[in-house]
């Protein structure tokens with residue numbers, strides 16, 4: 001049975017560092033070190049682990065942020081679960097724990113970024129969690145050693161999760177498709193993957209500039225489709 005709780009000590013922080021190596025395949029250069037987990041915990045962030053008994057198999061880490069108007073939000077910088085535990089709904093449980101702890105402190109917004117080419121992450125963030133997106137960041141993190149990126153620019157969508165209210169349901173005015181086998185395309189045909197990324201980047205930026213917001217995501221065996229509309 002999965003238990004979600006705050007990480008309690010440096011040993012658990014070190015376990016989170018090791019999980020990064022396994023989940024994303026990063027080299028040491030890209031790993032979040034133990035000291036960053038210590039800082040996050042001490043300055044009002046969140047450092048949560050997903051445990052099977054004493055074994056930590058997933059985690060999420062968030063840092064506090066300040067908007068230009070002075071309002072406080074949480075930036076959920078990283079969430080990962082070992083492959084063998086991904087059918088346990090632990091990722092969703094981690095997000096719900098994030099939400100509950102944030103609401104208890106009077107925080108109503110959690111943001112994070114994700115690769116818009118990754119269909120599973122898109123479905124999870126937009127449909128299951130219920131977030132929206134209206135900002136595209138080209139090559140946000142620069143070059144990374146993650147095998148999941150496979151050399152592509154680290155383009156990211158910024159996810160906004162307004163946890164104190166339900167998401168609006170505007171009329172859908174535009175769609176952006178992504179093939180479900182993008183991971184295979186990244187490995188076997190990086191030129192095609194880069195072309196798709198470039199095309200979708202232009203499309204997202206065009207629609208966001210026109211006032212559109214990602215408000216939904218549909219998924220089939222062949223593709224995923226971002227659904228965009230205008231929010232008031």
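Some notes on this structure:
- For segment 61-72, filtered to residues that are within 20 Å of residue 157 (Cβ to Cβ) and surrounded by fewer than 21 Cβ atoms within 10 Å (Cβ to Cβ), the residue that is nearest to the chain's Cα centre (by Cα) is 63.
- Among the residues of segment 171-192, the ones that are in a helix (DSSP H, G or I) and either within 22 Å of residue 215 (Cβ to Cβ) or under 20 Å from the mean Cα position of the chain (by Cα) (or both) come to 3 in all.
- Residue list for segment 201-232, filter: exposed (fewer than 13 other Cβ atoms within 10 Å of the Cβ) and either in a loop (DSSP other than H, G, I, E, B) or not assigned by TED's automatic domain parsing to the domain that holds residue 157 (or both): 210, 211, 220, 221, 222, 232
- Within segment 92-107, being surrounded by 17 or more Cβ atoms within 10 Å (Cβ to Cβ) and in a loop (DSSP other than H, G, I, E, B) holds for one residue alone: 107.
- For segment 159-170, residues that are part of a loop (DSSP other than H, G, I, E, B) and either modelled with pLDDT of 95 or more or closer than 28 Å to residue 77 by Cβ (or both) total 6.
- Members of segment 1-60 found to be loosely packed, with under 12 Cβ neighbours inside 10 Å and either farther than 29 Å from residue 143 by Cβ or in contact with a strand residue (DSSP E or B) (Cβ under 6 Å, 6 or more places away or on another chain) (or both), listed by number: 1, 8, 9, 11, 42, 53, 54, 55
- Criterion violated by residue 142 - all others in (1) loosely packed, with under 14 Cβ neighbours inside 10 Å; (2) at pLDDT 95 or above satisfied: (2)
- Of the residues screened, residue 114 is not one that is more than 15 Å from residue 227 (Cα to Cα), within 12 Å of the chain's Cα centre (by Cα) and loosely packed, with under 15 Cβ neighbours inside 10 Å.
- Hits in segment 28-45 - residues which are out of contact with any helix residue (DSSP H, G or I) (no Cβ under 6 Å at 6 or more places or on another chain) and outside any helix (DSSP H, G or I): 32, 33, 43, 44, 45
- Segment 181-200, subset in contact (Cβ under 8 Å) with a residue 12 or more places away in the chain and surrounded by fewer than 18 Cβ atoms within 10 Å (Cβ to Cβ), residue nearest to residue 135 (Cα to Cα): 194
The values are calculated or read from the model by the stated rules, or taken from the named source; none is laboratory data. Computed from a predicted structure; not experimentally measured. Glycine gets a Cβ as well: all are built from the backbone with ideal geometry, and neighbour counts include every protein chain shown.
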